[in-house]
Amino acid sequence: MTTPEITSASNAGFATNPAFRALLTEASDATGAELDALVAQIADMELLVVPGPHGDPQALAVYRRLDAYAVEIEYLAVAPALRRHGVARALVNRVQALEEAMVVARTDEDAIGFYLNSGFQCSDSAADPRWPENRRYICVLPHLPLVRNPETDSSSVEWVNGSPVPVQVAVVEPRESWSDDFVALAGRIGSALGPKAVAVEHLGSTSVPGLPAKPIVDVVLTVADPAAESGYVPDLEAAGFALRLREPRWYAHRLLVAAEGSGLPPVNLHVFAPGCPETSRMRSYMDWLRRNPDDREAYARIKRSAAHEVNERGGGAGLVMDYNAVKEPFIKDLYAKIYAD
């Protein structure tokens, strides 16, 4: 594949260009007045184009910055004559190189193959109100410097309803019920939030077949802005969850648990933004363990040993944070293997 010429451009400069408008129609199905509204809507977004011989765009990527970690491609389109020549992938790679960020894209069945083949991590997403009948996905292309060197600032931890008390750390053998518990939890979250639940994923140890774990299902919820608690926390509280933790300077992480008397399975519900590097890291870690039985068994041994150590050290009341600290060297080494060049 010859790398195409890619240039940054002004959306305003192409507002009436027929080739530009045709590409936007290809990407959005918008025509007429809807297309005019779309051109106005993207006027302040970033634009990359592959120019043709006479300057008309033959391919484009329209994207915007989400936060310090991620950008989102809103529209990606390639003219028929250039398809299957790696042009779309080249545009995606240029976006990432320019922005040094995770790249987020939302798509449906007709384009999911492209994103999977281009190295994106893809998850089910809430339906788009514009196309409620279409199955939707959120796809994230990891930016290696961000996932190799995660944020570690835990100085901003804010516990809700008191600090945690010491508890016995129980690591149990894998249970088939954990997958059913996740399905029930995801259903409750989806019903409570609707399209505000950008993605709901089962990513903790209970998601890995054959791996011992604490009997608490880890669920990762993606919302547009975890810090905007008023937009989702009251709905989750009404559904039986309780806010337990804020970490404003660690990817704006929020943690909810099953409220007392809710009837929900034990759960740690982690909330992050689209394209969060930590979500990508968790997914890579669990996918690796699912594919590599030797590392899975080694991690199982570490988990059992760590639980025994902290429980003995604490006289039967080991802290979960101590358990995590014992596991940390193994986890760091495994991440180094996962992200090795």
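The values are calculated or read from the model by the stated rules, or taken from the named source; none is laboratory data. Bear in mind that the values here come from a model prediction, so they are computed numbers and not experimental data. Cβ sites come from the backbone with ideal geometry, for glycine too, and all protein chains shown count toward neighbours. Protein only, heavy atoms only, side chains kept; ligands, DNA and RNA dropped before computing areas. Shrake-Rupley method; radii C 1.70, N 1.55, O 1.52, S 1.80 Å.
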> Okay, which of region 243-264 sit inside 16 Å, backbone N to the point 7 Å along the Cα-Cβ direction of VAL167?
Replying inline: 243-246, 255-264
> How much FRET efficiency would the formula 1/(1 + (r/R0)^6) give for ALA228 and ARG304, where r is the Cβ-Cβ distance and R0 is 35 Å, rounded to 0.05?
Replying inline: 0.30
> What FRET efficiency comes out for the pair VAL157/GLU260, r = Cβ-Cβ distance, R0 = 30 Å, nearest 0.05?
Replying inline: 0.85
>> Running a GNM on the chain with Cα contacts under 10 Å, which residue among GLY190, GLY261, GLY119 ends up with the highest mean-square fluctuation?
In response: GLY261
> Taking N as the number of residues in region 31-184, what value does Rg over Cα atoms divided by 2.2 N^0.38 Å take?
Replying inline: 1.39
> What percent do you get for the relative contact order of region 70-121 when only Cα pairs under 8 Å and 6+ apart count?
Replying inline: 47
> On average, how much accessible surface per residue is there in the chain, in Å², for a 1.4 Å probe, leaving out ligands, DNA and RNA?
Replying inline: 48
> Under a GNM of the chain (C-alpha, springs under 10 Å), which listed residue has the highest mean-square fluctuation: ASP218, ASP110, ASP67?
Replying inline: ASP110
> How high is the relative contact order of the chain, in percent, with contacts defined as C-alpha pairs under 8 Å that are six or more residues apart?
Replying inline: 13
> Given DSSP loops and a limit of at most 10 other Cβ atoms within 10 Å, what is the longest stretch of the chain that contains no such trypsin sites (Lys or Arg not before Pro)?
Replying inline: 131-341
>> Which cysteines in the chain lack any other cysteine whose Cβ sits under 4.7 Å from their own Cβ?
In response: CYS276
> Among the lysines, which fall within straight-line cross-link reach of LYS332, defined as a Cα-Cα distance under 29 Å, with same-chain neighbours fewer than 8 residues apart omitted?
Replying inline: LYS214, LYS303
> Share of the chain's accessible area from carbon and sulfur, percent, 1.4 Å?
Replying inline: 51
> Considering the chain as a Gaussian network with a 10 Å cut-off on Cα pairs, which listed residue, SER179, SER156, SER205, attains the greatest mean-square fluctuation?
Replying inline: SER156
> Among the helices of the chain (complete DSSP H runs), which have Cα atoms covering no less than 20 Å along the helix axis and a Kyte-Doolittle mean of at least -1.0?
Replying inline: 177-193, 320-338
